[in-house]
Amino acid sequence: MTEFEAIKPHGGILVNRVSNVNTEGLFSISISEDLANDVENIADGIFSPLEGFLGQKDFESVISKGRLANELAWTIPIILDVDEATANKMKDAGKVLLKNPQDIGIAVLNVEEIFTFDKLKTCQGVFGTTDTSHPGVANTMALKDFLVGGKIDYVKRPEDSEIRRYRLTPKQTRESFGKAGWKTICAFQTRNPPHVAHEMLQKTSITTRDGVFVNPIIGKKKSGDFVDEVIVKCYETMIKHYYPENRCQLGTLHTEMKYAGPKEAIHHAIMRQNYGCTHIIIGRDHAGVGKFYDPFAAQKIFSDYPELDISPVFFPAFFYCKSCLTYTTPKACPHGDDVKEQISGTALREMIQNGQAPSEFILRPEVAQVILDHPKPFVD
């Protein structure tokens, strides 16, 4: 597959904001690790067509319509929040050096706009609720009062680390897919270690496609989620033991989970299109949390975005049926819950905390062992 044959990036052009601009003497501000990750995502084109943080027109359009001001699909606001004093300093400076938590200047923000925003309206537009028990709502309500819009120039990547060893740019994934001879690539979004049902879902998706791109989220998550190191190690283990060669590629996506359900499903699809994927698996309760979304809301929303080049692949819940003697779905299995091997996230955490290995029909033994061997597998 040549670059010409590959699926086009969202908006038609793969953004590249990596630069060597001079940073000497610039006013600087410090940003969080997750925001630093998203600055790098902008620079590498993972967020194409964005070239920086949203300005006011784009921000308000995303909140109200799930689209940029030019009507291009975009559902999650990529923003930089600051307090009033910092906003005034940034306005006066014009160009601002963004420093990561290690005090390294990673990018220059070309300040174009500074504006206030309605937090409740933002929560309702993105998450469909203003209930602060929703983690995305709580995070939004805690934002500072001013947003700064403008393009970025990325000047320095963080040092290589164990958790970044699978971080790939869209340029790298597109080259890798082409080298593997893949023309149809199905993306799999996850924030959890692979259940066997997930593995079956992935393998089902590639029976009629060339390969699967397993792309777990690495970054800030809610309490009780699995830690990043466990997720990566579990996928390494699953791929090693249970995938044929040249059918599965692992790459990490370093960004914060928003738990925005359907709106985040569209965002996940757009990012994977930028990576070069032609399809994305959208399962039950994709990117959801608690009872905030209908279990299949993340599938239904794709009817509002028919213009997306990446195609969703919809799956119901997978489980193992002891009567059918196979992994199956409610659509294909007539049997009752008493013969279905499935487990909730809460029950799985309780088993792990008690040192119990789940059934081999739920977690592969090698994967379960990775979790059991980790001293602290869950986010506090």
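The values are calculated or read from the model by the stated rules, or taken from the named source; none is laboratory data. This one's a predicted model, so the numbers in the text were calculated from it and none came from an experiment. With ideal geometry, Cβ positions are generated from the backbone for all residues, glycine too; neighbour counts draw on all protein chains shown.
Within segment 226-242, can you find the residues that are outside any helix (DSSP H, G or I) and surrounded by fewer than 20 Cβ atoms within 10 Å (Cβ to Cβ)? Passing the criteria: only VAL227. Where helices (runs of 4 or more DSSP H) sit wholly within segment 295-380, those with at least 1 residues that are in contact (Cβ under 8 Å) with a residue 60 or more places away in the chain and not assigned by TED's automatic domain parsing to the domain that holds MET238 occupy 345-353, 365-373. Only a single criterion out of (1) buried (at least 20 other Cβ atoms within 10 Å of the Cβ); (2) in a helix (DSSP H, G or I); (3) in contact with a helix residue (DSSP H, G or I) (Cβ under 8 Å, 6 or more places away or on another chain) is not satisfied by LEU253, namely (2). For beta carbons closer than 7 Å, sequence separation of 6+ or different chains, a first residue in segment 51-66 that is in a helix (DSSP H, G or I) and a second that is at pLDDT below 95 and among the aromatic types (Phe, Trp, Tyr), there are no qualifying pairs. When segment 43-90 is filtered for residues that are of a type in the set (Asp, Glu) and either more than 21 Å from LEU143 (Cα to Cα) or touching a His at 6+ places or on another chain (Cβ under 8 Å) (or both), the ones remaining, listed by number, are ASP44, GLU51, GLU71.
Restricted to segment 164-220, and to residues that are assigned to a loop (DSSP other than H, G, I, E, B) and small (Gly, Ala, Ser), which residue is nearest to THR326 (Cα to Cα)? Let's see the steps before the verdict.
Initial filter on segment 164-220 (assigned to a loop (DSSP other than H, G, I, E, B)): 165-166, 168-169, 181-184, 191-195, 206-210, 219-220.
If we keep only those that are small (Gly, Ala, Ser) as well, we get 181, 219.
Working: GLY181: 31, GLY219: 34 Å.
The extreme case among them is GLY181.
Evaluate the following for PHE361: is it of a type outside the set (Val, Ile, Thr), touching a Leu at 6+ places or on another chain (Cβ under 9 Å) and surrounded by 13 or more Cβ atoms within 10 Å (Cβ to Cβ)? Considered against the rule, which asks whether it is of a type outside the set (Val, Ile, Thr), touching a Leu at 6+ places or on another chain (Cβ under 9 Å) and surrounded by 13 or more Cβ atoms within 10 Å (Cβ to Cβ), PHE361 comes out as no. For segment 193-210, the criterion of a residue being of a type in the set (Ser, Thr, Tyr), out of contact with any His (no Cβ under 7 Å at 6 or more places or on another chain) and under 21 Å from ILE46 (Cβ atoms) is satisfied by no position. All of VAL313, VAL289 fail the test of being among the β-branched types (Val, Ile, Thr), modelled with pLDDT of 95 or more and surrounded by 17 or more Cβ atoms within 10 Å (Cβ to Cβ), apart from VAL313.
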